[in-house]
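Trainee: Quick one: this structure, given as C-alpha cells, is what I'll be asking you about.
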Amino acid sequence: MARPRASQYQNTWPWNFGFSAYWFATQYKWFILLFVIIPGQVQDIVPGGEKNTMWGAVYAIGAVWGIIGPALFGGWSDRFDSKWGHRQPFIAVGALVTVVALLFLMGANTIPLLIAGYFLLQLGEDIGQGPYAAMIPEIVPEEHAGRASAIMNLLQSAGRLVSGLMYIVLKTVQNTYLGVAVVQVLGAGTTLYTIRDVRRAMPVSQMPRDPFWKRWWAPWESLDFRWVWFTRFLSTLAFGMVTNYFLYYLTDMFPRYHLFSWDLKTAKATAVVIAMSMFLLGIIGALIATPLIDRIGRKKLIYFSGVLIFAILIPFALTRDVTTLFLLTVPFGIGFGIYLSADWALAADVLPDKQEAGTQMGVWSMSVTSVQLVVGSVGRLVDMGNRIHMGFGYLGLIWTAGVIFVASTLLIKQVKASR
C-alpha cells in the first residue's frame, strides 16, 4: 500500500532552486577536484609514466566507503527524527565533514595522505548526500518529479561551470580548496533554509521496524529497479572513464593547446575550458529537457541523448586538435544534460517505497559510487596500453566508454514502470 508523502513541496522556481542548492555545491566540489586539482597533485608527486595508475588508486581506494555509505546514512535518516527534521541534520554534518576533508587535502603532499583525505571527503559526501538524495522521491509529487529532476540537474551543471570559472580566478590549489569549502557551506545553508519546514509524512512510530539489511535488500526485488541501477552504473562508468583521465590525455596526446586563435598554453587550462563549455551546454540540455520529461516521458530523451553521445566519442578519441575537440563537446554536453535530467526522474519513478527513499536512493547511489572502483582500476590498463604504443591506452579507454554508454541506453527499454 502506498504511504503518504511529506507535503511541504512548493512547485515554484525559487523553491526548487533553493532545494537544489546543495546539489550545486556538490558538483562544484567534485568537478574541479576530480577534473584538475587532485589529478594535478598526483602528477606532481609521481613519475609521468605511472600517473594514471596512481591517480586511479587514489580514486578507487578513497571511494571504497562510498559503496555502503549512501544507503547506510540514507537508511538511518529514514528512521531518524529531531526538531530540525529527519534529513536536515545529516546535510549539516555532511557539509561540516566535507570542509574538514578539504582543509586536509589542501596540505596533502603524498599519495597516502591524498588517499586518506579523499576517503574523508567521500565520507562527508555520503553523510549528507545519502539522505539528501532521498528528498525528491520522498516529497515531490509524481506529476512534478520530472521538472524537479531537471532543475536539480540544471543546478548541478551550473555548479560545474562556476567551479571552472572560479578555478581560473582563484589560480592556486590552496585558494581553490578554500573556495570549494565556502561554496559547500553556502550551498548547504541555502538548502537547509529552504527545507526548514519539511517533515516526514509518517511518524517513525508507525513505520515498520525492519532491520537495515532487509530494507537495503527490498528495492532489489523490483526488476525495474535492478534495470535502472544497472543502466545508471554503465552510463556513469562510461562518463567516468573519459573524464577521470582527461587531463592526462591532453597532457600526453596533444602537441599544442590552441582553441581557434586562442593559445591556452597548458593542458590544465585546456581541460578547464573544455569542461566548462561542456557543462554550460549541459545546462542548455537540462533546459531543453525540463518541459519535455513529464510530457513525452523519460525513455525517449534517454534514447536520443545516448545515441548522440555514443556518436561523438568515436571521433573524440582520434582528434589531436583542441578546436575540433571543443566543437565535439557541443553535442556531447547538450546530450549529457538531457540524459542526466531524464535518468534521475526515471530512478524516482521506480522506487518501490517512497517512505524508505533514504535507503533505496542510497542503494541506487551505489550505481554511481561503485563505479569509482572500476574506473580507478582502469588507470593501470591505460598506462600499460600507452607503454605498448603512446596513445593506445587512451584510444581503447574512450572507445570502450562509447560502447558501454550505448549499451546502457539500449537497456533502458527493459524498464516497464516508467515511460
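Trainee: Just one of Pro131, Pro141 is more than 30 Å from Gln43 (Cα to Cα), surrounded by fewer than 18 Cβ atoms within 10 Å (Cβ to Cβ) and touching a Lys or Arg at 6+ places or on another chain (Cβ under 8 Å); which is it?
Mentor: Details: Pro131 fails: surrounded by fewer than 18 Cβ atoms within 10 Å (Cβ to Cβ).
From the options Pro131, Pro141, the qualifying one is Pro141.
Trainee: Which one is surrounded by the most Cβ atoms within 10 Å (Cβ to Cβ), of the residues in region 364-396 that are hydrophobic (A, V, I, L, M, F, W, C) and within 20 Å of the chain's Cα centre (by Cα)?
Mentor: Within region 364-396, the first condition is being hydrophobic (A, V, I, L, M, F, W, C), and the residues that meet it are 364, 366, 368, 371, 373-375, 378, 381-382, 384, 388, 390, 392, 395.
If we keep only those that are within 20 Å of the chain's Cα centre (by Cα) as well, we get 364, 366, 368, 371, 373-375, 378.
Details: Trp364: 27, Met366: 20, Val368: 21, Val371: 24, Leu373: 16, Val374: 15, Val375: 25, Val378: 24.
Looking at residues that are hydrophobic (A, V, I, L, M, F, W, C) and within 20 Å of the chain's Cα centre (by Cα), I get Trp364.
Trainee: Provide a single number: the residues in region 265-279 that are over 19 Å from Ser235 (Cα atoms) and crowded, with 19+ Cβ neighbours inside 10 Å. Before you say what the answer is, go through the steps one by one.
Mentor: So in region 265-279, the residues over 19 Å from Ser235 (Cα atoms) come out as 265-274, 276-277.
So of that shortlist, the ones also crowded, with 19+ Cβ neighbours inside 10 Å come out as 267-268, 270-274, 276-277.
Residues in region 265-279 being over 19 Å from Ser235 (Cα atoms) and crowded, with 19+ Cβ neighbours inside 10 Å: 9 in total.
Trainee: I'd like to verify a number: residues in region 367-419 that are within 21 Å of Thr231 (Cβ to Cβ) and among the charged types (D, E, K, R), how many?
Mentor: Residues meeting the conditions: 3.
Trainee: When residues of region 127-151 are filtered for being assigned to a helix (DSSP H, G or I), within 26 Å of Trp65 (Cβ to Cβ) and touching an Asp or Glu at 6+ places or on another chain (Cβ under 8 Å), how many remain? Can you show your working first?
Mentor: Going residue by residue through region 127-151, those that are assigned to a helix (DSSP H, G or I) are 127-133, 135-139, 142-151.
This time we only want the ones that are within 26 Å of Trp65 (Cβ to Cβ), so: 127-133, 135-138.
Cutting the leftovers down to touching an Asp or Glu at 6+ places or on another chain (Cβ under 8 Å) gives us none.
Number satisfying all stated conditions: 0.
Trainee: Restricting attention to region 114-141, which residues are of a type outside the set (Gly, Ala, Ser) and closer than 17 Å to Leu34 by Cβ? Break it down into steps so the answer makes sense when it comes.
Mentor: Residues of region 114-141 that are of a type outside the set (Gly, Ala, Ser), as a first pass: 114-115, 118-123, 125-127, 129, 131-132, 135-141.
Selection gives Leu114, Ile115, Tyr118, Phe119, Leu120, Leu121, Gln122, Leu123, Glu125, Asp126, Gln129.
Trainee: Additional query: Could you list, in sequence order, all residues of region 172-197 that are among the aromatic types (Phe, Trp, Tyr) and surrounded by fewer than 16 Cβ atoms within 10 Å (Cβ to Cβ)?
Mentor: Going residue by residue through region 172-197, those that are among the aromatic types (Phe, Trp, Tyr) are 177, 193.
Once the filter is applied, which keeps residues that are among the aromatic types (Phe, Trp, Tyr) and surrounded by fewer than 16 Cβ atoms within 10 Å (Cβ to Cβ), region 172-197 yields only Tyr193.
Trainee: Can you tell which of Ile61, Ile45, Ile38 is more than 19 Å from Leu121 (Cα to Cα), of a type in the set (A, V, I, L, M) and surrounded by fewer than 24 Cβ atoms within 10 Å (Cβ to Cβ)?
Mentor: Working: Ile61 fails: more than 19 Å from Leu121 (Cα to Cα); Ile38 fails: more than 19 Å from Leu121 (Cα to Cα).
Only one candidate qualifies: Ile45.
Trainee: Please return the ranges of helices (runs of 4 or more DSSP H) entirely within region 163-281 where 1 or more residues are farther than 22 Å from Leu325 by Cβ and small (Gly, Ala, Ser).
Mentor: Values: elements: 173-194, 212-217, 223-243, 246-253.
Answer list for region 163-281: 173-194.
All of the numbers you see were taken from the coordinates with simple rules; none came from a lab. All figures in this text were calculated on a predicted structure; none of them were measured in a lab. Here Cβ is always computed from backbone atoms with ideal geometry, including for glycine, and neighbour counts include all displayed protein chains.
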